[in-house]
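Single-structure report; data block below.
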Amino acid sequence: MKVTERKGVKGKKCTKCQEWKPLVGGFYQRDRKKSSYDSICRACRKKARDEKKTEHAREIEALMKANEELKEEIAKLKKLLKDKS
Ligand SMILES: [Zn+2]
């Protein structure tokens, strides 16, 4: 994405939300030496991260649920064994 200047402030368009934002403060710097910035703005970066977090939380929830079901199965099997003896 091309860097443009607005009112003396260097910035560029975020590839995600299509909004022009100043480089400093609007984007995360990827390489300090080359002064290259992320292609998506901080807000979009944060949003993407939060979405990932939610995804992860859902995975954990599913695992916990599976674990509960397994516990129930084990309890059932234990009961069966107990009944037999
Ligand atoms: Zn954005």
*Given (1) touching a Phe, Trp or Tyr at 6+ places or on another chain (Cβ under 9 Å); (2) part of a helix (DSSP H, G or I), index of the condition L77 fails*: (1)
_Test: E5 is in a strand (DSSP E or B), exposed (fewer than 12 other Cβ atoms within 10 Å of the Cβ) and out of contact with any His (no Cβ under 6 Å at 6 or more places or on another chain)_ = yes
*asked:* Looking only at segment 23-41, count every residue that is surrounded by 15 or more Cβ atoms within 10 Å (Cβ to Cβ) and not in a loop (DSSP other than H, G, I, E, B) and tell me the total.
replied: 4
_Of everything in segment 13-68, what is near the ligand (Cβ under 9 Å from one of its atoms), charged (D, E, K, R) and over 15 Å from K2 (Cα atoms)? Give them in sequence order._
R42, R45, K47
*Taking Q18 as the residue in question, decide whether it is loosely packed, with under 15 Cβ neighbours inside 10 Å, of a type outside the set (D, E) and at pLDDT below 95.*
no
*Name the pairs: first residue in segment 56-68 and of a type outside the set (K, R), second residue modelled with pLDDT of 95 or more and not in a helix (DSSP H, G or I), Cβ to Cβ under 8 Å, at least 6 apart or on different chains?*
none
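The values are calculated or read from the model by the stated rules, or taken from the named source; none is laboratory data. Quantities reported herein were computed from a predicted structural model and do not represent experimental measurements. Don't worry about glycine lacking a Cβ; one is built from the backbone with ideal geometry, like all the others, and counts go over all protein chains shown.
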